[in-house]
1. Does residue B:46 qualify as being among the aliphatic types (A, V, I, L, M), within 14 Å of ligand 2 (Cβ to nearest atom), touching an Asp or Glu at 6+ places or on another chain (Cβ under 9 Å) and open to solvent by 10 Å² or more (accessible area, probe 1.4 Å)?
2. Kindly establish whether residue A:38 is open to solvent by 30 Å² or more (accessible area, probe 1.4 Å) and under 25 Å from the mean Cα position of the chain (by Cα).
3. Go through region B:121-160 and report how many residues are open to solvent by 40 Å² or more (accessible area, probe 1.4 Å), facing chain A (nearest Cβ under 8 Å) and more than 16 Å from ligand 1 (Cβ to nearest atom).
4. Can you name every residue in region A:536-558 that is part of a loop (DSSP other than H, G, I, E, B) and of a type outside the set (A, V, I, L, M, F, W, C)?
5. Just to be sure before I move on: is residue A:65 touching a Gly at 6+ places or on another chain (Cβ under 6 Å), over 17 Å from residue A:263 (Cα atoms) and within 14 Å of chain B (Cβ to nearest Cβ) in the structure I sent?
6. Within region A:41-80, can you find the residues that are among the β-branched types (Val, Ile, Thr) and open to solvent by 30 Å² or more (accessible area, probe 1.4 Å)?
7. Within region A:183-197, can one find any residue that is of a type in the set (Gly, Ala, Ser), within 14 Å of chain B (Cβ to nearest Cβ) and either more than 16 Å from ligand 2 (Cβ to nearest atom) or not in a loop (DSSP other than H, G, I, E, B) (or both)?
8. Against the condition over 22 Å from the mean Cα position of the chain (by Cα), on the phi > 0 side of the Ramachandran plot, touching a residue at least 60 places away in the same chain (Cβ under 8 Å) and open to solvent by less than 10 Å² (accessible area, probe 1.4 Å), how does residue A:303 come out, does it pass?
Amino acid sequence: MTEGGRWVGAPVPRKEDEALLTGHARFIDDMEPVPGLRHAALLRSPHAHADIVSVDISNAVSHPGVHGVVTGVDISAATRPIPSAVRVPIDYYPMAVDKVRYAGEPVALVAAEDRYVAEDALELIEVEYRPLPPVMDLDAAMDDDSPLLHEAVGSNVVHHRSFRYGDPETAFAEADRVVRLDWTFPRYSSTPMETYGAVAQFEPAPDRYTIWSNFQGPFILHALMCGALGVPGNRLRLITSPQSGGSFGIKQGMYPYMVLLAAASRLLGVPLKWIEDRLEHLVGSSAASNREDAVEAAFRNDGTLIGLKFLNVVDVGAFIRAPEPASVYRMHSASNGAYRVGNIYVDNRLVTTNRLPIGLNRGYGGPQFFFALERAMDAGARALGIDIAEIRRRNFIPRDSFPYRAPAGAIYDAGDYEAGLDRALELAGYEELRAGRDRARDEGRLFGIGMATAIEPSGSNMAYVTLAQTPEERARAGGRSGGLGTCTISVDPTGSVTVKTVSTPAGQGHATVAAQVAADALGLTPDDIDVVTEVDTLTGAWSLASGNYANRFSSVVIDAIGEAARLVADKVRAVAAEDLEVAAEDVELADGTARVVGVPEKALPFRRVAAKTHWHPAGLPDGMTPGIFETAIVSPPGLGPPDERDRVASAVTFGFICDLAAVEIDRGTGRVEVRKYVSVHDVGNVLNPLIVEGQILGGFAHGVGGALMEEMVYDEEGNPLSGTFADYLCVTAPEMPALTVGHVDTPSPHTALGAKGMGDGCSMLAPTAIANAVADALGREDVDPPFTLNRVWDLVADGGGAG
Amino acid sequence: MLRIKPGTRHRVTVTVNGRRHGGFAEARTLLSDFLRHELKLFGTHVGCEHGVCGACTVNIDGRAVRSCLRFAVQVDGAEIGTVEGLAEGGSLSPLQEAFRRHHALQCGFCTAGILISATQFLETNPDPTEDEVRDMLSGHICRCTGYEGMVRAILDVAGGSS
Ligand code: FES
Ligand code: FES
């Protein structure tokens, strides 16, 4: 507990841990929810781009132990294509039908008595391909004479929109200095340690599907799956596993596989289980987008940022898969970052190539957006001869201007960016660090300091995705807005409390924090409360926005938990008031009792009062509904649809992060050694400091991976070269630099507990802060991650480090 | 040397966490699959099945070994320790306790293998340096935690027991 006697804010150890530490927690591959399961394996395309001439499954079908085989033609007959918010003529099926568009795309499914036999049978399927020229280069893909992925679209550019806020033309004309950076950002993925997994069952009369999986939401995709399977929502029941082994957004991308398994279960007449293996995961799941963008920043001589242009070219992979193109729009309404700049131009082009389709990944659009903005800030500082901290200070939104309406519509709830910056400088020992850099340089060493700041949006407005449509298209499509949070709290006839959060966590400790919130409201301890975090779309209270993404737990779900707990508390207090013969306002819930305020000996056990609502309805206050089963549905404030000028309040809360990195580069090897890394966060009111710190450390690891080593590499023919964990290098313990964490937390007025979401954290900034430090060390701005030995060695050999 | 024809199943008997278990395995059945799907000991996890991530690590006859790199028939008669056996008498081991205290796990998917490796590591090196701990952990991938909590937890237990 905290000193104030509350559970919220205290470093409560996690409820989840004991089962996980003893091997008793259950994940999807531990489950056999229906009898008679068959095991599925997928044949995947070895070609990046090819016509499918024929598929001969006869030998596979007759292989002993095989139950049946399904091909893309079967799937296209049994399902409808899955649409996205971009209206282009692309028929996206979860299995290739007449053409493959990336190496790893599913081509056939075998169901067999076990996975070993299913994989044996894959080798017996004969597919004849007619290879087509692969489209791997983004620039070339946009040429008029490029081979096309989707002939009916007529171009590989599947989406193009541009946006103007303020008067960017005048700002650039009047600027003293314009900095332009052309940059590429690598494709990488958070590769959760547990891969995708699902069990799908079709049952006839009436037709219905049940899918158990480690899908993370958003459950808006349930509607798309229903559309693909041709059933109303009540005939597609999605149930998530009790535990999920990490996700970071990636497990959003499994929904096409869920459709595939559901359809195959129907075609084959058996329930199917499929657990993706790591090789499949690395070529066939999902990834963050690689991009080839340019950014222009217009400055006055004093460092004032007066205009920004973002020219974004996004590789979406072989299909534009919902919720894409959300990755370029998640940060859009906050395109000014932490700064006052009001004149902004954004041009978004989304291009299909023969790579794996992109989707959610930690930071979702943030790492790329902040790479542009914050690289431009450091480059601008160097061009103008202003310190990198000072140039930010001069441009920050001042602390007294919150809530702040950003030019593209975001409403920043609260912040004190300058205090965050000061804290980071203090923790870094900035003056001494700069002196150290000078000394190192005098000795001929390559030493650099870089910085990056971010605002961290949390709790998405589902409507931001419709920025992909023109205002006219949006008007035709009908209104969209909001991001509902739901929670149900029940007290059963024994008086014990269960909280249902439908938040599908994958390690973020939702059960613990939910129990803290409910415990405070009900006068209980977190141990008294059980929390069910999984989703069951048939029996739970959920909505489109349910799931675990966009940092929405502490900005949205937490308020639903608080509200449901308040409803339960009100009821318990009303029941107790009658028995204690006082007014309900005079009853408080504390220490496991309902008691009279100021007269603690006049108390009744919480359990008994709550149980009475079940056991003795006739003894309840007049008009009270018996039982306790309270559902709260909260709609965060201010999340309207985009206006006719494409402005939208895209998120509920906006945290702040200020990162500072110092690196030294070994001239001999090109190795980038992170000498110091400081990260200061504004997460609003802290709900559980242990979990907050864990999220920050984990986000940092993903950011460091993206900065230094991780990349999904394809060769020119479109062959994936990072198809194992020996080729796709995740950071391990010895590679992790030390992280110094600080806080300058400003409570959010948009949430009941003042918390902000904070799960993306340094995953959004470490690639940029480290890139800025590398640029500083080498005295050149053309530096793009990942900063692998080869790449950096080339930069050093190419004359870097003149400074 | 034992020869098993393809497609035939062989009886494998092992002692897991002090109890005898028997089941059937083909020649090609991985130990990880045998433990999980034949013996229904789901605490051991599979993260890559190609020997890199360390999630599947179990203790075989006193050594921490990747169970995805062993065939079940190879361990017939062996003594195996898995995560289910670490909490003796229902209370968490000091290392498990320290993992909880230091928030060394988030999703917990990597945790079983790391606990097995770290337990054996501390038996052979009861007073390690931080670098040694990180070096030992380099055989494992954790995507959630950034490793910081587990480094602290292992050092904490080492300090406490030395
Ligand atoms: S599953 Fe065995 S090392 Fe990854
Ligand atoms: S705790 Fe999730 S992978 Fe380690």
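1. Values: among the aliphatic types (A, V, I, L, M): yes; within 14 Å of ligand 2 (Cβ to nearest atom): yes; touching an Asp or Glu at 6+ places or on another chain (Cβ under 9 Å): yes; open to solvent by 10 Å² or more (accessible area, probe 1.4 Å): yes.
Yes; evaluated as a whole, the condition is true for this residue.
2. Working: open to solvent by 30 Å² or more (accessible area, probe 1.4 Å): yes; under 25 Å from the mean Cα position of the chain (by Cα): no.
Taking the combined requirement at face value, the residue does not satisfy it.
3. Matching residues across region B:121-160 total 3.
4. Our first condition is that a residue be part of a loop (DSSP other than H, G, I, E, B); within region A:536-558, this holds for A:537-551.
Within region A:536-558, A:537, A:539, A:540, A:543, A:546, A:547, A:548, A:549, A:551 meet the criteria.
5. On the way: touching a Gly at 6+ places or on another chain (Cβ under 6 Å): no; over 17 Å from residue A:263 (Cα atoms): yes; within 14 Å of chain B (Cβ to nearest Cβ): yes.
Spelling it out, it is not the case that residue A:65 is touching a Gly at 6+ places or on another chain (Cβ under 6 Å), over 17 Å from residue A:263 (Cα atoms) and within 14 Å of chain B (Cβ to nearest Cβ).
6. Pass one, region A:41-80, residues among the β-branched types (Val, Ile, Thr): A:52-53, A:55, A:57, A:61, A:66, A:69-71, A:73, A:75, A:79.
Listed by number, the residues that qualify are A:53, A:55, A:57, A:61, A:73.
7. Step one: list which residues in region A:183-197 are of a type in the set (Gly, Ala, Ser), which gives A:189-190, A:197.
If we keep only those that are within 14 Å of chain B (Cβ to nearest Cβ) as well, we get A:189-190, A:197.
Still in the list and also either more than 16 Å from ligand 2 (Cβ to nearest atom) or not in a loop (DSSP other than H, G, I, E, B) (or both): A:197.
Within region A:183-197 (the criterion being of a type in the set (Gly, Ala, Ser), within 14 Å of chain B (Cβ to nearest Cβ) and either more than 16 Å from ligand 2 (Cβ to nearest atom) or not in a loop (DSSP other than H, G, I, E, B) (or both)), the answer is yes, since at least one residue qualifies.
8. Details: over 22 Å from the mean Cα position of the chain (by Cα): yes; on the phi > 0 side of the Ramachandran plot: yes; touching a residue at least 60 places away in the same chain (Cβ under 8 Å): yes; open to solvent by less than 10 Å² (accessible area, probe 1.4 Å): yes.
Yes.
The values are calculated or read from the model by the stated rules, or taken from the named source; none is laboratory data. These figures come from a predicted structure and were not determined experimentally. Glycine gets a Cβ as well: all are built from the backbone with ideal geometry, and neighbour counts include every protein chain shown. Accessible surface is based on the protein model in full, side chains and every heavy atom, while ligands, DNA and RNA are left aside. Shrake-Rupley method; radii C 1.70, N 1.55, O 1.52, S 1.80 Å.
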